[in-house]
Amino acid sequence: MSMLKTFQFRFEPDRQFPHFKRLAWDRVDVSIRDVLRGGVHPWITGPDGRDIHPSLVDAFLLRLNDAAAKPQELEPLGYSHDVSSRPGYYFEKKTRFERALEDIRGNVYFVEDLSYLELLDIAKEHLRETWDHSIARTLAERAWPGFQELRRFLKTKDKGIKLSGYADVDRYDLGRVLGLDDFDGREGLLISEAIPSLNFRKAAFLTTVTDAHGRLCLVPDIRNLTLTTAPQTPDYIHLAWHVERDKETWRFRPDIGSSEAKRRKAREFANQWRTGDGRLCFNTTLERLSEMVDSRVVVPSFPTLNYTYGLRTITAAAEVPYSRVPAYVIGGYYDHKTNAGALRDILREYGVSMTGNKAKLLQKLAGLAAKQYAARLPEMDAFFFKYRFVRINATPPASERFPLLQDAPLLRNLLLTMYALKHLRGNAVLEAVHTNNAYTEEQLARALVQGKVELNGAFLQVA
């Protein structure tokens with residue numbers, strides 16, 4: 001089974017009017033080769049169920065609404081009006097494109113070619129086959145609006161009819177009294193009554209949005225894609241390759257940033273799949289590319305695919321490693337400048353009472369921080385016993401966050417600031433073996449959230 005899907009279209013005769021066709025489709029497998037070399041659309045949805053390529057709807061409807069897709073005689077009469085995509089509702093489990101297809105299937109007839117007279121003949125044939133009192137009354141009331149006008153007309157058909165109101169009309173079998181000939185010169189009325197949806201397109205439209213096999217296809221080929229390594233081994237490392245066609249070969253560029261692990265994996269990948277030189281950026285054939293997709297070594301996506309705007313490319317990022325002393329910052333925390341609503345959110349997260357004014361909330365936040373500090377102290381001690389730091393007033397542009405307390409984002413920076421102030425020697429050296437006992441943990445937390453104490457600058461790692 002292929003990793004990629006697409007839509008395959010066909011026409012089916014309409015159940016009520018076999019002269020007309022309805023759009024039908026299936027979702028089928030498609031190879032990466034047919035996507036890239038044949039331009040077959042790769043149908044992909046996001047985790048939220050939405051279209052990954054929203055431009056598909058606009059491009060599809062642009063072709064459907066093109067003058068070339070509309071029957072020449074019917075379009076000026078309003079029988080080939082434009083179709084637009086409708087917004088969806090939260091409870092709908094279909095994408096915008098699928099909703100558009102269903103609207104087309106339910107409201108648009110496809111014909112090889114159709115003249116106005118042929119349409120009128122089809123409408124009359126249907127009315128003759130289904131003629132009854134209900135149809136005759138509807139046509140009569142539309143043709144002669146107003147009771148007195150309708151009454152005068154019916155009197156011309158049967159002088160014995162006695163009518164004092166619309167309720168009397170149903171006492172007579174108008175299907176027997178009236179016939180189609182009574183509506184000569186009112187062809188538009190007959191057509192609109194007989195045919196439920198008056199929107200027509202040429203069946204040849206389908207060739208403008210499909211390939212020779214009926215598969216959804218709006219462009220001759222697709223020259224750019226992104227391949228992401230699939231998790232197959234315990235030492236899996238997420239790695240993305242931005243791929244572009246260059247004549248008959250495909251150029252791979254890895255997105256590795258500053259990660260040495262990604263750089264190493266990229267070299268291994270290139271060594272396995274390249275057909276020429278290239279330790280990181282390399283070329284390979286479509287056959288090799290297809291092999292890696294078919295074997296599910298990589299997962300394809302098409303982030304640059306857009307049917308309504310010009311092609312854009314994705315830049316692969318890689319940093320040249322250089323030697324530097326790592327610098328770390330702690331960052332801001334919730335304090336007296338935070339609004340009461342945000343403070344209550346923090347207390348709610350930790351199950352602390354949220355009653356009281358802002359001063360009371362800050363006091364509760366300080367108490368919560370002191371308790372969490374004691375609970376997380378072993379993790380912070382383990383890190384700072386292993387590494388020593390010196391504080392500097394400046395903040396280097398390449399500063400990082402301390403890799404600690406990642407699961408406590410609401411209190412993380414406040415707890416780390418408390419630890420740094422408790423363990424700074426001479427306001428310069430941060431080491432776990434030194435402890436300042438001038439404040440209790442709760443006093444220190446209260447001083448920080450009230451803005452009476454602060455900590456600036458960054459920390460450089462030293463041997």
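Values quoted throughout were computed directly from the atomic coordinates according to the rules given, and no laboratory measurement underlies them. Only a predicted model underlies this, so the values are computations on that prediction, with no experimental measurement involved. Neighbour counts are summed over all protein chains in view; Cβ atoms, including those assigned to glycine, are modelled from backbone coordinates with ideal geometry.
The figures follow:
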| item | result |
| --- | --- |
| Sparse-neighbour loop sites [chymotrypsin sites (Phe, Trp or Tyr not before Pro); region 225-272; at most 14 other C-beta within 10 Å; DSSP] | TYR236 |
| Cα centroid of region 324-376 to Cα centroid of region 1-40, whole Å | 56 Å |
| Amide H within-cut-off set for LEU239, under 5 Å, with H built and near neighbours excluded | THR229 |
| Chain lengthening between GLN450 and ALA68 when straightened (0.36 nm per residue, less Cα-Cα) | 130.4 nm |
| At 1.567 mPa s and 4 °C, Stokes diffusion of region 253-298 via Kirkwood alpha-carbon radius, µm² per second | 117 µm²/s |
| For HIS81, distant residues with modelled amide H under 5 Å away | PHE200 |
| The chain: relative contact order in percent, alpha carbon pairs under 8 Å with at least 6 residues between | 14 percent |
| Trypsin sites (Lys or Arg not before Pro) within region 32-66: DSSP coil, no more than 13 neighbouring Cβ in 10 Å | ARG50 |
| 9 Å beta-carbon shell around LEU114, net charge (K/R +1, D/E -1) | -3 |
| Distance between region 89-146 and region 442-463 - C-alpha centres, whole angstrom | 74 Å |
| Quotient of C-alpha Rg and 2.2 N^0.38 Å, computed over region 2-85 | 1.36 |
| Volume of the Cα convex hull of region 327-462, divided per residue and given in Å³ | 107 Å³ |
| Fraction in percent of alpha-carbon pairs per bin - 10 Å, region 114-233 | 10, 29, 18, 12, 9, 9, 7, 4, 1, 0 |
| Under Karplus coefficients 6.51, -1.76 and 1.60, residue-wise ³J(HN,Hα) of region 27-39 in Hz, glycine/proline x | 9, 10, 6, 9, 7, 5, 4, 5, 5, 6, 8, x, x |
| Under Karplus coefficients 6.51, -1.76 and 1.60, residue-wise ³J(HN,Hα) of region 352-366 in Hz, glycine/proline x | 9, 4, 10, 7, x, 6, 5, 4, 5, 5, 5, 5, 5, 4, 5 |
| Taking N as its residue count, the alpha carbon Rg of region 224-301 over 2.2 N^0.38 Å | 1.00 |
| Cα pair count fraction exceeding 18 Å, expressed as % - region 46-148 | 65 percent |
| Coarse-grained scattering of the chain at q = 0.09, 0.14 Å⁻¹, given as base-10 log I(q)/I(0) from a Debye sum over alpha-carbon atoms | -0.86, -1.21 |
